[in-house]
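Worksheet: one structure, shown below.
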Amino acid sequence: MPKGKKTAGKKKEPAAKKAPAGKKEPAAKKVETKAAEPGQIADIKEIEGIGPENAKDLNKFGIKTVEDLRKTAIVEMAEVSGISTKLLYKWQCIADLFRVKRAAQEYTEVLFEMGVETVKELSKQKAEDLFKQVQKFVKEAKKKPGWQGDVNKVPTQKDVETWITSAKEIVKKA
């Protein structure tokens with residue numbers, strides 16, 4: 001995880017300095033849009049916290065899909081968009097977890113907040129242990145002020161087993 005100054009509650013860092021009058025700023029290197037994998041949510045706005053304003057900033061850089069976000073260097077995105085590297089890191093981890101079957105938006109945020117930040121990390125989990133941790137986290141998180149995750153249904157142990165199996169398949173393909 002990137003180190004640095006805490007930016008709790010702030011979405012953007014100060015804008016980069018503008019080029020002196022009469023000189024053009026270097027053009028931002030745009031990324032090539034990548035198609036979403038089958039069954040994967042494609043739109044970056046589906047990631048909790050991105051919303052239309054941040055999506056517009058990322059779109060200027062050519063990041064339109066979850067797959068684009070997942071595969072683009074954080075530093076480059078931060079320089080062009082003005083969005084903090086800490087927030088971009090979180091979104092990129094969640095984009096990675098979006099590839100997991102049946103995890104989707106609802107549970108990727110939970111996994112990230114629990115410290116399971118990547119598909120690779122998820123693939124190494126034991127289903128029974130992770131299931132207990134998820135149950136405990138969801139129960140406690142609902143009581144915390146400021147918790148923004150929206151978990152309508154606590155996942156079953158079978159759901160957790162499906163996540164881990166899916167993560168192992170993704171890692172194996174990589």
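Here, each number is a calculation from the coordinates, and none is a lab measurement. Everything numeric in this text was worked out from a predicted model, so none of it was measured. Glycine gets a Cβ as well: all are built from the backbone with ideal geometry, and neighbour counts include every protein chain shown.
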Phi angles of the range 95-100, converted by Karplus (6.51 cos²θ - 1.76 cosθ + 1.60, θ = phi - 60°) into ³J(HN,Hα) in whole Hz with x for Gly and Pro, give 4, 4, 5, 4, 6, 7
Among the Cα-Cα pairs of the range 104-174, the proportion with separation greater than 14 Å, in percent, is 57
Residues of the range 40-66 with backbone N under 19 Å of the label point set 7 Å from the Cα of residue 169 along Cα→Cβ are 40-42
Quick calc: nm separation of the 7 Å Cα→Cβ label points for residue 71 and residue 106 -> 3.0
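Given R₀ = 41 Å, FRET efficiency for residue 56-residue 157 by Cβ-Cβ distance, to 0.05? Walk me through the intermediate numbers first.
Working: r = 40 Å, r/R0 = 0.98.
Once the sixth-power term is evaluated, E becomes 0.55.
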In whole Å, largest first, the alpha carbons of the range 46-174 cover along the principal axes 42, 40, 18
Over 23 Å (Cα to Cα) among 60/173; 60/172; 101/126; 120/153 -> 60/173; 60/172; 120/153
